[in-house]
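Every read-out reported here was derived from the displayed coordinates using simple, explicitly stated rules and does not represent laboratory data. Since the model is a prediction, treat every value here as computed from it, not as a measurement. So basically every Cβ, Gly included, is an ideal-geometry build from the backbone, and we count neighbours across all protein chains shown.
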Amino acid sequence: MATSATSDLTAPAMAAPSLVSDYVALFKPRVSAMSVLTAGAGLYLGDLHSGISPFHVSSVIAMAGIAIVTCGSSVLNQALERKSDARMKRTANRPMVTGRIGLVHGLLLGFAAIFLGSLWLAVSTNLLTGTLTLLTATSYVAIYTPLKRISSVNTFIGAFPGALPPLIGWTAARGLIEWPAVALFAVIFVWQFPHFMAIGWMYREDYRNGGIRVAANQTPLVWAARSTVAQALFYAVLMIPVSLWTTWLGITGIPYAVVATVLGLGYLWYTVRFAAILKNPADPASRILARNLLKASVIYLPLLLAAMILNARGRLLF
């Protein structure tokens, strides 16, 4: 950053982040978008299960409430993790780390979004949806976030709030928890593990510097690799039968089952390739294998959800 009038003349000034861009960073748009996407799938399938079109104003209202609470959770997460974020390269420039957004400002914004979003859902959809959304945000912020600095079991615990959005979407449409909603929860729950193991391996040094405990930064390194790979492979294999549960329940048809099986085998293949880190865990090239698995995971899930939507109840669209 330029520090004098002379340097200002000889180097282009970097634009300071605006309040809007800082808010966007606090809301973690990519993570929040994934939660909203899975909630939307649950709402869509729930509406079709009720025999109604999913394209109505109530769906938009419900999705808005879910998005607001998700963003609020991200803000509070960053408020609690601002010190550990300061020690990690990929998070060191976050608004609350640098002081561009103060702690009180962030806390007020986060609590307001969670409370108002949950209240919005309770009033505009149903009490169950509002309550579940509030519980999801609370468990993510109050249980999962502090646990990240205590034990690597945080990955398993954090998978529960991470998998609740499609179930919440279903309750927004149906007003109750049913087996199809549980099946959607299971799909997201299982999907997260290869995804998280890849992220953990890619950023294991960063996480260690930040005091975040994940399987990948255990000691010795060989044990860390074995634990990471074992979890990734177990859940990648489990992903195939779990993804077929919706067909067994009659929520999706045979075409979806075929697509889900092919996608699941592809996800498993990338996970098996990731297992090559066991040969030489210290090799920097192992991060490439982790990155490939991460890319596969973020492609796999939207495609799987799209297949569900396109073949809901064995029909095309609705």
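Given R0 = 35 Å, the distance between the Cβ atoms of R30 and F55 translates into a calculated FRET efficiency of 0.85.
State, to one decimal in nm², a quarter of the convex hull surface area for the C-alpha atoms of region 16-95, i.e. the direction-averaged projected area.
Its average projected convex-hull area is 6.3 nm².
Within a straight-line Cα-Cα reach of under 24 Å, K148 can be paired with the following lysines, leaving aside sequence neighbours fewer than 8 residues apart in one chain: K28, K83, K89, K295.
Of interest is the spacing of the C-alpha centroids, which for region 171-244 and region 39-95 amounts to 19 Å. Helices meeting the span-like rule in the chain (full DSSP H runs, Cα extent of at least 20 Å along the helix axis, mean Kyte-Doolittle score of 1.0 or higher): 57-80, 103-124, 179-202, 221-243, 254-274, 286-310.
Put simply, when 87-100, 164-177 are sorted by average Cβ atoms within 10 angstrom per residue, most first, you get 164-177, 87-100. Sorted from longest to shortest, the spans of the Cα atoms of region 142-224 along the three principal axes equal 48, 24, 15 Å. Ranked from largest, the principal axis spans of the Cα set of region 67-184 equal 44, 30, 19 Å. Distances between placed amide hydrogens fall under 5 Å for T252 paired with T247, R313, all partners being 5 or more residues away or on another chain. Take the Kirkwood radius over Cα pairs of region 219-318, plug it into Stokes-Einstein at 37 °C and 0.692 mPa s, and you get 226 µm²/s for translational diffusion.
Using only helices, what value at 222 nm comes out for the chain when you add -39,500 (n - 2.57) per DSSP H run of length 4 or more and divide by the total residues, to the nearest 500 deg cm²/dmol?
-23500 deg cm²/dmol
The magnitude of the dipole of region 83-241, with charges of +1 and -1 set on the Cβ of Lys/Arg and Asp/Glu and taken from the Cα centre, is near 580 debye. Computed over the alpha-carbon atoms, region 52-108 gives an Rg to Rh ratio of 1.22, Rh here being the Kirkwood radius from the mean inverse distance.
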